[in-house]
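Asks: First the structure, then my questions, so here it is.
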Amino acid sequence: MIRKTLVFFFVVFLGISHNDLSAQESTPELVPNTQSNQAFGDKEWFEFRIHYGFFNASIATLEVRKDSLNGQSVFHAKGYGRTTGLARWFFKVEDHYESYFDPVTGVPYKTIRDIYEGGYTKDLEIDFDHETHKALVFDKKKNTKKEFTFNDKAQDFISAFYYLRNFVPATNIQPNQSFSINMFFDNDNYVFKLKFLGKELLETAFGTVRCLKFRPLVQAGRVFKEQESVTLWISDDRNRIPLRLQADLAVGSIKADLEKFKNLKHPFKIEIQ
């Protein structure tokens, strides 16, 4: 379960769900902020502490910088996670994720996934061609390259984190209303669906913060207790900072809290210090 704890953070907190949209549901259109009003900027950095039950199991960091790829200006985001303390003695995890994505549209051009999880390893590079909707998946471990078709405007699970912070519904979203984005992970297409629950004051390491509360819809079964087992709190300001994720698992529970941050693009408003 230690492995699932850290993998859960990257897969759910950053954005994958194996769910299809119901055609009957109302889904607001997602439109971009202007570049001057983007939720994040160069050199933003987060550190999260992940708890499995009473255990301090893992830490994860996320950072984004301006960069270039094949002569094109991009944002380059890196995610890193590892087990800590006693958990590391029993089950060592070192996960590295990277995404190069467009600074305007948010679509990814290149994804890197290099992981070590208790002896299980994977080392992939994925290049996206958004004109042909083809993804070239280079499995470095097996030294193979395969091409797959991905859905329109598909995100990888790192770029999705920034995309969702920066793209907002065209109309004011109402409680219990859902929206979704296309995802491509390893070699499969998914739909990530997020339901808005409303606004709430949240006690954090920084003080009381006014938040937007969401529910990512996940697949009930081996990992999650129910489809609506996960709750996500994001600051209700221009930064859209992810402050907490909490979930009931099939065995136990997990909580990830933001503990440190640097280089926010906008002022961070705290209701009560």
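The values are calculated or read from the model by the stated rules, or taken from the named source; none is laboratory data. What you see is a predicted model; the values in this text were computed from it and never measured. Positions of Cβ are backbone-derived with ideal geometry, glycine not excepted, and every protein chain shown enters the neighbour counts.
Asks: For the structure I just gave you, tell me whether ASP152 is farther than 27 Å from ALA256 by Cβ and in contact with a strand residue (DSSP E or B) (Cβ under 9 Å, 6 or more places away or on another chain).
Replies: yes
One line per residue, one yes/no per condition, for (1) surrounded by fewer than 17 Cβ atoms within 10 Å (Cβ to Cβ); (2) modelled with pLDDT under 95; (3) touching a strand residue (DSSP E or B) at 6+ places or on another chain (Cβ under 9 Å):
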residue: VAL31; (1), (2), (3): yes, yes, yes
residue: THR34; (1), (2), (3): yes, yes, no
residue: LEU69; (1), (2), (3): yes, no, yes
residue: THR83; (1), (2), (3): no, yes, yes
residue: ARG88; (1), (2), (3): yes, yes, yes
residue: GLU94; (1), (2), (3): yes, yes, yes
residue: TYR97; (1), (2), (3): no, yes, yes
residue: TYR116; (1), (2), (3): yes, yes, yes
residue: TYR120; (1), (2), (3): yes, yes, no
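Asks: Is it the case that ASP129 is surrounded by fewer than 13 Cβ atoms within 10 Å (Cβ to Cβ) and of a type outside the set (Phe, Trp, Tyr)?
Replies: yes
Asks: For the stretch 154-214, which fully contained strands (runs of 3 or more DSSP E) count at least 1 residues that are at pLDDT 85 or above and of a type in the set (Val, Ile, Thr)?
Replies: Where strands (runs of 3 or more DSSP E) fall fully within the stretch 154-214 and carry at least 1 residues being at pLDDT 85 or above and of a type in the set (Val, Ile, Thr), they are 178-185, 188-204.
Asks: So, GLU125, is that one within 26 Å of ALA60 (Cβ to Cβ), part of a strand (DSSP E or B) and touching a residue at least 40 places away in the same chain (Cβ under 8 Å) or not?
Replies: Spelling it out, it is not the case that GLU125 is within 26 Å of ALA60 (Cβ to Cβ), part of a strand (DSSP E or B) and touching a residue at least 40 places away in the same chain (Cβ under 8 Å).
Asks: State yes or no: is SER22 out of contact with any Phe, Trp or Tyr (no Cβ under 9 Å at 6 or more places or on another chain), within 20 Å of PHE192 (Cβ to Cβ) and modelled with pLDDT under 95?
Replies: yes
Asks: Looking at the stretch 36-56, which of its residues are in a loop (DSSP other than H, G, I, E, B) and modelled with pLDDT under 90?
Replies: Correct list: GLN38, GLY53, PHE54.
Asks: Take the residues in the stretch 250-264 that are modelled with pLDDT of 95 or more and outside any strand (DSSP E or B), then tell me which one is nearest to LEU202 (Cα to Cα).
Replies: Selected residue: LEU264.
Asks: For the list (1) surrounded by 15 or more Cβ atoms within 10 Å (Cβ to Cβ); (2) among the hydrophobic types (A, V, I, L, M, F, W, C); (3) within 19 Å of the chain's Cα centre (by Cα), I need the number of the one condition that VAL137 fails.
Replies: (3)
Asks: Then there is this: Conditions first: (1) more than 24 Å from THR132 (Cα to Cα); (2) outside any loop (DSSP other than H, G, I, E, B); (3) at pLDDT 85 or above. HIS76 passes all but one, so which condition is the exception?
Replies: Unmet for HIS76, out of (1) more than 24 Å from THR132 (Cα to Cα); (2) outside any loop (DSSP other than H, G, I, E, B); (3) at pLDDT 85 or above: (1).
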